[in-house]
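Working notes, structure below.
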Amino acid sequence: MNRPTKKNLVLTWLALVIMHFTILGSAYLDLGPINTPFILILAVVQMVLVLLFFMEVRYRPRLVWIFAGAGFFWLSFQWALVMSDYLMRQWH
Amino acid sequence: MPEPSTIVAEQFDTPDQQSEAAHLGMWTFLATEILFFGGLFLAYLVYRHFYFHEFAAASRHTAALFGTVNSLILLTSSLTMALAVHAAAQNHRRSITRWLAATILLGSAFVVVKGFEYHKDIADQLVPGAHFNPDLPAPAQIFFWLYWTMTGLHALHVLIGLALLSVMFLQARRDRFSSVYHTPLTLAGLYWHFVDVVWLFLFPLLYLIQRHP
């Protein structure tokens, strides 16, 4: 099996730390309605990096991709249905 | 080091097959953990929509400095964990124990910092109840109820992770792991990284709501 190299791992960590400080800095700037989405997008990118490199999903068989994605898939139903009120409100 | 033939349970044909089955099992468990923390984040999301301004006011009372230090500690501990697994794959046996020790130290540092932070939170009257900080609006108690629950359950996961890593450390010292067999180490690593992922969301959502002036 292929594995992440030491360099991959250190670069992943560096990217995570840079994004952490970007998130932190952006929270103290008034970016209007962009603040929260910007922070959340960066947090999701951080999560994907951890999954792909630290958790080695990138180097695993597709079956592991499906198992790793399943939890998030079910979670998306939970969240989307609970939020349906907010999604539908503006349609009146 | 045990020979490959002695570490394959009888229901498996090869070490690879056994390792893959173990990985799928771990990912199934992690899916339940995603749903567990997902439910907590969902409760957070709903109440944040109901009481956005109160949540923002409450969030500004959290200790962002402690939070950011702990983020850096946890991110770095994930790196050292990944390096421990990397060392095992490379058959660098002494490096395994070194990186595991670093991970355990960093994880313990996280718990210690969290302890100081909780102490400050209690002194600042941020525990929901009769003695809640009178400067904050009442719904801020919901925020802090979620804060204590979510960070508390996360800290519990860190403690469980530390226990797992300690067992891995002892096994590594007994030379149990090699490039041929290190599945328990990899699975403990998956758990540790998962705990890190949860924190990646806890930190901005709890500490950083409307921090700007």
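Values quoted throughout were computed directly from the atomic coordinates according to the rules given, and no laboratory measurement underlies them. The structure presented is a predicted model; accordingly, all values stated were derived computationally and were not measured. We place every Cβ from the backbone using ideal geometry, glycine too, and count neighbours over all the protein chains shown.
Per-residue ellipticity at 222 nm, computed for chain B from helices alone with -39500 (n - 2.57) per DSSP H run of at least four residues, works out to -27000 deg cm²/dmol. Cα convex hull, the stretch B:55-174: 94 Å³ per residue, rounded to a whole number. Counting neighbouring beta carbons within 10 Å and listing from fewest to most, the residues B:GLU20, B:GLU10 come out as B:GLU10, B:GLU20.
Positive end of the dipole of the stretch B:60-163 (Cβ unit charges, origin at the Cα centre): among B:ALA89, B:LEU79, B:GLN141, the Cα lying farthest that way belongs to B:ALA89.
Taking 4 °C and 1.567 mPa s as conditions, the protein assembly as shown diffuses translationally at an estimated 63 µm²/s according to Stokes-Einstein applied to its Kirkwood radius (Cα pairs). From largest to smallest, the equivalent ellipsoid semi-axes obtained for the stretch B:20-105 from the alpha-carbon gyration tensor read 36, 21, 6 Å.
Loop-located chymotrypsin sites (Phe, Trp or Tyr not before Pro) in the stretch B:109-191 (DSSP state not H, G, I, E or B) with no more than 16 neighbouring Cβ atoms inside 10 Å: B:PHE132.
The trypsin sites (Lys or Arg not before Pro) of the stretch B:129-187 that meet both conditions, a loop assignment by DSSP and at most 13 other Cβ atoms within 10 Å of the site Cβ, are B:ARG174.
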